[in-house]
Amino acid sequence: MATMSAGPAKIDRQISLPMSQAMRIALRNITIRLGRALITGAGTMLGIAFLMSVFANTLAQQAANIEIPAQQATKNLWLVIMSLLVAVVGITNSMLMSVTERYKEIGTMKCLGALDNFIVKLFLLESGFLGFFGSLIGAIIGAVFVLLPKFGLWGSLDWGRFLLYLLGCVVIGSFLSIIAALGPAIRASRMPPADAMRTEV
């Protein structure tokens, strides 16, 4: 007499796509939705450009032996925090809209066996790519606009600190982009496949 297991049925195989495939899909999604990607990246770019301009201005003032008043430093810090918060809100809004307009695509992927963590990974990769390139361009723009008119101070600038500021801006922008996309990514991963396939956007 055959015995039946009382436990839940187990899936023999689960298809999990490698990270390289997820990166290819994320890059393809960015190129397909280039307009939205540019808007999302622009929010990060502007916030990081302002942050880097503050850093570059500080370096220029130190090179010229100009003391920065404490009140000005506090004001700069407040403006940087606000600009980064605005960038985070813009990225979150853009990623939520991306989830909304891609209901059927997400539902199709889940019906074909995409796991929840793969959907999260996909959205975080997209946002990470946009954050990285937006931050890199923004940091370069912010530095150029501040330091180009001050060509005479270039010889006395602390270029080591400049590179650290540049790297820090790229890391901050990329990190904030990924954090901003976390909520929309989790929302997309929890979407029931059947409901997503029935949704008309």
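Where a number appears in this text, it was derived from the coordinates with a stated rule and is not lab data. What you see is a predicted model, and the numbers here were worked out from it, not measured in a lab. For neighbour counting, all protein chains shown are included, and Cβ atoms are generated from backbone atoms with ideal geometry for every residue, glycine included.
Across the chain, the longest piece that holds none of the trypsin sites (Lys or Arg not before Pro) lying in DSSP loops with up to 12 other C-beta atoms within 10 Å covers 14-189. Across every pair of non-identical alpha carbons in region 20-74, the mean reciprocal distance, once inverted, gives a Kirkwood radius of 14.2 Å.
Between the Cα long axis of helix 19-32 and the first principal axis of the chain there is an angle of about 70°, rounded to the nearest 10.
From the phi angles alone, apply the Karplus equation (6.51, -1.76, 1.60; θ = phi - 60°) to region 129-136 and give each ³J(HN,Hα) in whole Hz, x where the residue is Gly or Pro. Once rounded to whole Hz, the list reads 4, 5, x, 5, 5, x, 5, 4. Remark: spin-label model distance Leu96-Met23 equals 3.1 nm, labels positioned 7 Å along the Cα→Cβ axis. Relative contact order, whole percent, for region 42-201 stands at 45, derived from Cα pairs under 8 Å and 6 or more residues apart.
Largest first and in whole Å, the equivalent-ellipsoid semi-axes of the chain read 45, 16, 15, each the square root of five times a Cα gyration tensor eigenvalue. Our coupling estimate for region 68-80, obtained by passing each phi through the Karplus curve with A = 6.51, B = -1.76, C = 1.60 and θ = phi - 60°, is 8, x, 4, 5, 5, 5, 5, 5, 4, 4, 4, 5, 5 Hz, Gly and Pro reported as x.
Give, in nm to one decimal, the length gained when the segment between Thr74 and Phe162 is fully stretched (0.36 nm per residue of separation minus the Cα-Cα distance).
Values: separation 88, 0.36 × 88 = 31.68 nm, distance 2.05 nm.
Additional length available on full extension: 29.6 nm.
Around Thr31, with a cut-off of 14 angstrom between Cβ atoms, what is the net charge of the other residues, counting Lys and Arg +1 and Asp and Glu -1? Don't skip to the end; give the middle numbers.
Numbers: positive: Arg24, Arg28, Arg33, Arg36; negative: Glu126.
With Lys, Arg at +1 and Asp, Glu at -1, the neighbours total +3.
Classify region 121-197: rounded, prolate or oblate, from the alpha-carbon gyration tensor (a ≥ b ≥ c, eigenvalue square roots; a/c under 1.5 rounded; otherwise prolate if a/b is larger than b/c)? It comes out prolate by the Cα gyration axes. Phi angles of region 97-110 translate, via the Karplus equation with coefficients 6.51, -1.76, 1.60 and θ = phi - 60°, into HN-Hα couplings of 5, 5, 4, 4, 7, 10, 3, 5, 4, 5, x, 4, 4, 6 Hz per residue; Gly and Pro are given as x. For the chain, the longest principal axis of the alpha carbon atoms and the long axis of helix 34-63 meet at an angle near 30°.
At 222 nm, what value in deg cm²/dmol follows for the chain if DSSP H runs of at least 4 each add -39500 (n - 2.57) and the sum is divided by all its residues, to the nearest 500? Before the final figure, lay out each step's value.
On the way: 7 runs with 154 residues, N = 201.
It lands at -26500 deg cm²/dmol.
Pairs of lysines in the chain whose Cα atoms sit within less than 29 Å of one another amount to 6, provided the residues are eight or more positions apart or on different chains.
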